[in-house]
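Single-structure report; data block below.
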Amino acid sequence: MASPTMQVLPAIVMYFLAFMATASCANIEDKIPESFKSGHTNNWAVLVDTSRFWFNYRHIANVLSMYYSVKRLGIPDSHIILMIADDMACNPRNPRPATVFNNANQHINVYSDDVEVDYRGYEVTVENFIRVMTGRLPASTPRSKRPLSDDISNVLVYMSGHGGDGFLKFQDAEEISSIELADAFEQMWQKRRYHELMYIIDTCQAESMYQKFYSPNIIGIASSKVGEDSLSHHVDPAIGVYIIDRYTYYALEFLEMVTPQSKKTLGQFLKVCPKHDCISTVGVGTDLFQRNVNKVLVTDFFGSVRNVELSTVDVKWNMSSPTKQDQECRDNTCSEM
């Protein structure tokens with residue numbers, strides 16, 4: 001019969017191994033990169049220009065520039081909804097047809113051959129925008145016109161156009177209010193259509209558009225405070241109109257320094273376009289956002305991640321010996337069924 005000491009020894013060994021396993025897991029948790037702790041595994045972008053007419057060229061250039069940046073950082077067209085209210089590239093006043101530029105130097109044509117516009121012209125309405133965000137689209141809507149985001153998606157929403165205190169105009173014909181926008185985002189949260197959402201708006205009195213938000217995990221960024229105008233940056237003499245707004249110009253300048261592997265943080269991005277550059281005051285709303293912006297990577301919203309989601313479900317493999325038929329198939333001798 002085994003001695004009492006020999007009986008206790010296996011229990012001690014088991015406790016020791018359990019302790020070491022727990023410590024090892026804790027060490028591994030500490031070493032996991034911050035990007036894997038974000039809680040999302042995919043990214044979506046909804047980019048909206050709400051203005052028509054040639055003199056609003058800059059609003060379309062703003063949106064196409066943002067489209068160019070998120071695609072460069074890895075978000076594919078299949079995860080981008082692009083809404084353009086007018087076709088500046090084909091406007092008869094455009095001295096360089098089939099092009100849209102965001103800089104007087106005309107280095108980058110942001111309306112290149114690979115631009116995929118999902119909603120254009122009179123399709124860009126308040127109703128369609130809300131339907132896109134909330135998923136309340138007709139069954140006949142093509143896959144390319146509907147975002148299939150879920151509760152592990154980070155969603156970037158960028159809007160540019162003419163606005164005022166508590167509203168944004170669509171096509172000079174209608175407007176969306178800050179309350180309607182807040183309710184649309186709440187529907188998204190209730191329907192598990194986002195994990196975290198970043199809302200950026202470049203318009204006059206832009207801050208008023210996120211002040212009514214009440215859903216969790218949303219960060220709002222506005223090009224101007226309530227009572228301030230959001231100003232354009234510069235004119236292209238060849239085109240004869242302003243071609244980009246100030247906030248978007250400096251935001252893009254920052255994003256040009258970001259790569260898919262970049263460690264630049266959201267806290268750094270929130271500092272772009274100080275008052276001496278923007279003239280207006282950039283507004284930031286982080287009260288609903290639960291993470292520390294100084295530890296959130298810019299690419300959590302402007303890039304595309306493919307993080308691995310670990311499963312806690314045990315998978316049992318059949319390790320029994322192969323049957324004669326299995327062996328014949330492995331030898332490429334199995335007959336056609």
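The residue list Asn307, Asn332 contains one member that is modelled with pLDDT under 85 and open to solvent by less than 60 Å² (accessible area, probe 1.4 Å), which is Asn307.
Pro97 meets each of the listed conditions (1) surrounded by fewer than 17 Cβ atoms within 10 Å (Cβ to Cβ); (2) in contact with a His (Cβ under 9 Å, 6 or more places away or on another chain) apart from (2).
Just one of the numbered conditions (1) buried (at least 20 other Cβ atoms within 10 Å of the Cβ); (2) in contact with a strand residue (DSSP E or B) (Cβ under 8 Å, 6 or more places away or on another chain); (3) under 26 Å from His107 (Cα atoms) is not true of Lys264: (1).
Given the conditions (1) out of contact with any Ser or Thr (no Cβ under 9 Å at 6 or more places or on another chain); (2) surrounded by 21 or more Cβ atoms within 10 Å (Cβ to Cβ), report the number of the one that Glu123 does not fulfil. Status for Glu123: all satisfied but (2). Pairing each residue of the stretch 199-213 that is in contact (Cβ under 8 Å) with a residue 40 or more places away in the chain and acidic (Asp, Glu) with any residue that is assigned to a loop (DSSP other than H, G, I, E, B) and open to solvent by 10 Å² or more (accessible area, probe 1.4 Å), provided the two are 6+ apart or on different chains, yields C-beta distances under 8 Å for Asp202/Ser230; Glu207/Lys225; Glu207/Val226. Are any residues in the stretch 77-97 within 14 Å of Ile239 (Cβ to Cβ) and part of a loop (DSSP other than H, G, I, E, B), and if so, which ones? Those that are within 14 Å of Ile239 (Cβ to Cβ) and part of a loop (DSSP other than H, G, I, E, B): Asn91, Pro92, Arg93, Asn94, Pro95, Arg96, Pro97.
With the stretch 237-294 as the region, which helices (runs of 4 or more DSSP H) entirely inside it contain at least 2 residues that are under 17 Å from the mean Cα position of the chain (by Cα) and among the aromatic types (Phe, Trp, Tyr)?
On the way: elements: 246-255, 266-269, 275-278.
Filter on the stretch 237-294 gives an empty set.
The residues of the stretch 213-257 that are β-branched (Val, Ile, Thr) and open to solvent by less than 10 Å² (accessible area, probe 1.4 Å), listed by number, are Ile218, Ile219, Ile221, Ile243, Ile244, Thr248. Give the residues of the stretch 49-94 that are without any contact (Cβ under 8 Å) to a residue 24 or more places away in the chain, open to solvent by 10 Å² or more (accessible area, probe 1.4 Å) and of a type in the set (A, V, I, L, M, F, W, C), sorted by residue number. Scanning the stretch 49-94 gives a single hit, Cys90.
Among Ser140, Ser149, Ser144, which is exposed (fewer than 14 other Cβ atoms within 10 Å of the Cβ) and closer than 22 Å to Leu64 by Cα? Please lay out each step first, then the result.
Values: Ser140 fails: closer than 22 Å to Leu64 by Cα; Ser149 fails: exposed (fewer than 14 other Cβ atoms within 10 Å of the Cβ).
Every option except Ser144 fails the conditions.
Can you find even one residue in the stretch 246-265 that is in contact with a Leu (Cβ under 7 Å, 6 or more places away or on another chain), farther than 21 Å from Val132 by Cβ and touching a residue at least 60 places away in the same chain (Cβ under 8 Å)? Yes: one or more hits.
A quick yes/no check of all residues on (1) over 21 Å from Val284 (Cα atoms); (2) of a type in the set (A, V, I, L, M, F, W, C):
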residue: Gly161; (1), (2): no, no
residue: Gly164; (1), (2): no, no
residue: Leu168; (1), (2): no, yes
residue: Ser177; (1), (2): no, no
residue: Leu181; (1), (2): no, yes
residue: Ile200; (1), (2): no, yes
residue: Gln211; (1), (2): no, no
residue: Ala222; (1), (2): no, yes
residue: Ile239; (1), (2): yes, yes
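Given the structure, is Asp314 modelled with pLDDT of 95 or more and surrounded by fewer than 17 Cβ atoms within 10 Å (Cβ to Cβ)? Criteria not met by Asp314. Exactly one of (1) under 19 Å from Asp245 (Cβ atoms); (2) open to solvent by less than 40 Å² (accessible area, probe 1.4 Å); (3) of a type in the set (Val, Ile, Thr) is unmet by Ile108. Its number? Every listed condition holds for Ile108 apart from (2). Only residues that are modelled with pLDDT of 95 or more, open to solvent by 50 Å² or more (accessible area, probe 1.4 Å) and either within 22 Å of Arg58 (Cα to Cα) or in a strand (DSSP E or B) (or both): list them for the stretch 162-212, please. Once the filter is applied, which keeps residues that are modelled with pLDDT of 95 or more, open to solvent by 50 Å² or more (accessible area, probe 1.4 Å) and either within 22 Å of Arg58 (Cα to Cα) or in a strand (DSSP E or B) (or both), the stretch 162-212 yields His162, Asp165, Phe167, Lys169, Glu174, Glu175.
The values are calculated or read from the model by the stated rules, or taken from the named source; none is laboratory data. Since we're looking at a predicted model, the values are computed, not measured. All Cβ positions, glycine included, derive from the backbone under ideal geometry; neighbour counts span all protein chains shown. Heads up: the accessible areas ignore ligands, DNA and RNA and are worked out on the full protein's heavy atoms, side chains in. Shrake-Rupley method; radii C 1.70, N 1.55, O 1.52, S 1.80 Å.
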